[in-house]
Ligand code: GLA
């Protein structure tokens, strides 16, 4: 059977929001979610473009005798509909989580065999976004399984953004454009700059390396997802957190904050709400940036923008400060081109003659907007 295209018209730019998992894991309840919605507004994240408030795993406990999914009656005593209404009353959108297999990654009920019933329930609750995981899938085929939920969401009568989470295990970039609005391209992010865990968790730079080369698969309505942000969760210092956010913006990544929004330090809020960086991420052209130069630990990443400009990240993965330079030829410009250069973290403007260089701290990224 031919795949039907995903025609929900959503996520023309990478989705922005907050998800409970990175900080709170299974400790989710309605108070936490309401608080996250409140904080998204009061902290200025909403004004900066963040929109979806997403409950990850552990909100569900079973199915009733008709097969309807049952939320945890203690933790979500008011019910999911009331919670969604509350999130909507703040001018935000509401997201939820399930799994294409028989159980979620925390062994709560999955949607296998209940796809249409669940989708109809989500629509009745007012769900705007579904993250759909891949635990307990046995011998299921990924494209077929995710396509069933795509069709169920399409029939639900409500536009619901569809976030695929099969960790890049079956190369979703090759097939998911017609299935979901975004797909995880890697294993789970862990709150550290570098390193990989036995269970598959990856540091920021390991994820970055895996995203390089996938540029051509991303575009308006369908994005590679390098996983949710760890900015503000404590495992990255401020320089590293800024670099993490910078590179996710260069990648046109979905920007899902993963920290406690209600107790953010100002420096963390300043990272998450940097307007110039967010404009790079949300640029209408929808191009994912790529690595254009690598000399050992020193890298140059470039993202083409709709105004003909480039967003360029000078990334230092080494242990000491380093001068890193970008040549115009590295980013597809003739050497003779006159261009203005603006540093998107300091706000300083200057110009470059064929190239530009800056001192970049260890584990830092300088991000430039270069406009002819
Ligand atoms: C998987 C996903 C994570 C998170 C957990 C929840 O590991 O990749 O993002 O949703 O499951 O159990």
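Condition check ((1) outside any loop (DSSP other than H, G, I, E, B); (2) at negative phi; (3) touching a helix residue (DSSP H, G or I) at 6+ places or on another chain (Cβ under 9 Å)) across all residues:
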{"site": "5", "(1), (2), (3)": "no, yes, yes"}
{"site": "9", "(1), (2), (3)": "no, no, no"}
{"site": "12", "(1), (2), (3)": "no, yes, no"}
{"site": "40", "(1), (2), (3)": "yes, yes, yes"}
{"site": "46", "(1), (2), (3)": "yes, yes, yes"}
{"site": "61", "(1), (2), (3)": "yes, yes, no"}
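The residue of the stretch 112-136 that is surrounded by the fewest Cβ atoms within 10 Å (Cβ to Cβ), among those that are within 14 Å of the ligand (Cβ to nearest atom) and free of Cβ contacts under 8 Å to residues at least 60 places away in the same chain, is 136. Considered as a group, the residues in the stretch 63-84 that are part of a helix (DSSP H, G or I) and under 22 Å from residue 164 (Cα atoms) include one that is nearest to the ligand (Cβ to nearest atom), and that residue is 80. Does the stretch 51-59 include one or more residues that are over 28 Å from residue 252 (Cα atoms) and either within 16 Å of the ligand (Cβ to nearest atom) or at pLDDT 95 or above (or both)? So far as the stretch 51-59 goes, yes, one or more of its residues are over 28 Å from residue 252 (Cα atoms) and either within 16 Å of the ligand (Cβ to nearest atom) or at pLDDT 95 or above (or both).
So which residues in the stretch 192-203 are in contact with a helix residue (DSSP H, G or I) (Cβ under 7 Å, 6 or more places away or on another chain) and within 15 Å of the ligand (Cβ to nearest atom)? The answer is 196, and nothing else.
A single entry from 271, 278, 324 fulfils the requirement of being touching a residue at least 40 places away in the same chain (Cβ under 8 Å), closer than 22 Å to residue 219 by Cα and surrounded by 13 or more Cβ atoms within 10 Å (Cβ to Cβ): 278.
Residues that are surrounded by fewer than 23 Cβ atoms within 10 Å (Cβ to Cβ) and more than 13 Å from the ligand (Cβ to nearest atom) within the stretch 94-108 comprise just one, 102. For residue 11, the conditions (1) in contact with a strand residue (DSSP E or B) (Cβ under 6 Å, 6 or more places away or on another chain); (2) within 16 Å of the ligand (Cβ to nearest atom); (3) under 30 Å from residue 144 (Cβ atoms) are fulfilled apart from (2). Just a yes or no: is a residue in the stretch 85-94 in a loop (DSSP other than H, G, I, E, B) and touching a strand residue (DSSP E or B) at 6+ places or on another chain (Cβ under 7 Å)? Yes, that holds for at least one residue.
Residue 177 falls short on exactly one of the conditions (1) touching a residue at least 24 places away in the same chain (Cβ under 8 Å); (2) away from the ligand (no atom under 13 Å from the Cβ); (3) surrounded by fewer than 19 Cβ atoms within 10 Å (Cβ to Cβ), and that condition is (3). Take the residues of the stretch 23-35 that are within 16 Å of the ligand (Cβ to nearest atom) and not in a loop (DSSP other than H, G, I, E, B): which is surrounded by the most Cβ atoms within 10 Å (Cβ to Cβ)? Taking the candidates together, the pick is 33. Does residue 113 fit the bill of being at pLDDT 95 or above and more than 22 Å from the chain's Cα centre (by Cα)? Here the answer is yes, as residue 113 does meet what is asked.
The values are calculated or read from the model by the stated rules, or taken from the named source; none is laboratory data. No experiment lies behind these values; they were computed from the predicted model shown. In this analysis, Cβ positions are derived from the backbone assuming ideal geometry, glycine residues included, and neighbour counts consider all displayed protein chains.
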